[in-house]
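Here's the structure, in structure tokens; my notes come after.
The values are calculated or read from the model by the stated rules, or taken from the named source; none is laboratory data. Please read all numbers here as calculations on a predicted model, not as lab measurements. Every residue, glycine among them, receives a Cβ derived from its backbone with ideal geometry; neighbour counts consider all protein chains shown. What goes into the accessible areas is simple: the full protein's heavy atoms, side chains included, and nothing from ligands, DNA or RNA. Shrake-Rupley method; radii C 1.70, N 1.55, O 1.52, S 1.80 Å.
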Amino acid sequence: MSGGPQSQAWFARAQRVLPGGVDSPVRAYGAVGGTPPVIKQASGTTITDVDGRQYLDFVGSWGPLILGHAHPKVLRTIAAACARGTSYGAPCQPEIELAEHVVAAYPGIDQVRFVSSGTEAVMSAIRLARGATGRDLIVKFSGCYHGHVDHMLVAAGSGLVTLGEPSSAGVPARFTELTRVLPLDDETALRDLFAADGDNIAAVIVEPVPANNGLLLQRKAFLSALREVCDAHGALLIFDEVISGFRLGPGGAAEHYDLRPDLATFGKVIGGGMPVGAFAGRRELMQHLSPEGAVYQAGTLSGNPVAMSAGLITLQILHEENGWERLAELGEYLERQVGAAVAGAAVDVAFVRIGSIFWLAMHTKTPPRTAEAIDPRAGESYARVFGALLAEGVALAPSAYEVGFLSLAHTRADIDRLASSLARALKSV
Ligand code: PMP
């Protein structure tokens, strides 16, 4: 499935001047085949490509656009902020207001620092964790993505505790020697690692709602074990809430699971569609950051007034319009409608959902809890489903391992349309 003639012409130009034609790999359609539509504009739930083809969008720019595309109030706020100047490189009111909002919303934090991407947030939070504990080791989980930070680009062995082995060229093995990879959903592996090396572990980082390798919803007991083991060994627990933060609710996964991380990282929704990331924690931890402490961290465009204003208005609208409750209701409706579609499928499909985040697990009836449990045939089957949907003008993420997102712009009619397209597509797989 490829875009129309104009998209193809533009994408050919793109491939000459942008590696792979894109600025972020999954956009290139490598996992589903064909070439992507080149987008001209978007509004609400509709994206329009350069051929004038329209798509009902469930990608939402990979998560940020929780109010839908081009929300009028967000646009007006951005325009007004731009008119006051796009960057000052000095403290400004919107960054202070957004910080106050984040601190009030997310449990157990006193301070936040803004950056410009989720990757930067994770990189900085890990440096802070190491600086604050004086320890070097970081534990991550197979199937969790934390941005393209060198020492987080580590492949996991098949369910075993592995020493970090880089999964990207250009990351020296020595850079990942201090990263330990564990399987999700496995308290024994966790306790064994801590028993052996607990005194050297600075932090455990986890996506509490792992949503970058399918949607691998965890048992609360597993997440609680992380908290307990970190406490017992003086290690910090970092929740990477780049996807879940301000999407599941104002308190993210921490509130949802009633667990308190020591540090949390944010991105996507917190920037209202502008390039924003953030990391946050208790005052005594955050005060290790420069200029107060010895952990250096900085950014030319960090906390810039336009991005901060977009984030702030987005969170305000979510609060004022009961956004999270409405999203959860839409999610329940989606689950009911798609549940029926999935029941008639030619292959087993598990529909996995939490709040407004959803995923189709192919070739299984049981939602997988680990990356290793995903059926290897999923990629090929999903590519067919994806192509059939796109041909009907419905856009899911172009990868079997990426989740879908609902926004407040979606209506029940939009969801019905997804469900009926999906029912047709799944019959033909
Ligand atoms: N952490 C998580 C959980 C993410 O989902 C992502 C992005 N998908 C990142 C970090 C990296 O964020 P960014 O792409 O903004 O650098």
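Values for this structure:
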item	result
Protection proxy ranking, peptides 119-125, 171-177, 312-318, average beta carbon neighbours within 10 Å, highest first	119-125, 312-318, 171-177
Rounded accessible area per residue of the chain, 1.4 Å, Å²	41
Neighbour-limited loop hits for trypsin sites (Lys or Arg not before Pro), segment 183-267 (at most 15 other Cβ within 10 Å; DSSP other than H, G, I, E, B)	ARG219
Separation between Cα centres of segment 262-313 and segment 387-429, rounded to whole Å	34
Residue-level accessible surface for TRP10, protein heavy atoms, 1.4 Å, Å²	110
Segment 207-295: C-alpha gyration tensor shape, a/c 1.5 cut-off, then a/b vs b/c	oblate
Contact order normalised by residue count of segment 72-320, Cα under 8 Å, 6+ apart, percent	29
Solvent-accessible area of HIS288 with every protein chain in place, 1.4 Å probe, in Å² to the nearest 10	70
Counting DSSP beta bridges with both ends in the chain, the antiparallel % (nearest 5)	60
Segment 57-109: trypsin sites (Lys or Arg not before Pro) in DSSP coil with no more than 14 other Cβ atoms inside 10 Å	ARG84
For segment 23-155: rounded, prolate or oblate by the Cα gyration tensor [a/c cutoff 1.5]	oblate
Whole-Å semi-axes of the ellipsoid equivalent to the chain (Cα gyration tensor, √5λ, descending)	33, 27, 21
Net charge of Cβ neighbours under 12 Å - reference GLY277; Lys, Arg +1; Asp, Glu -1	-1
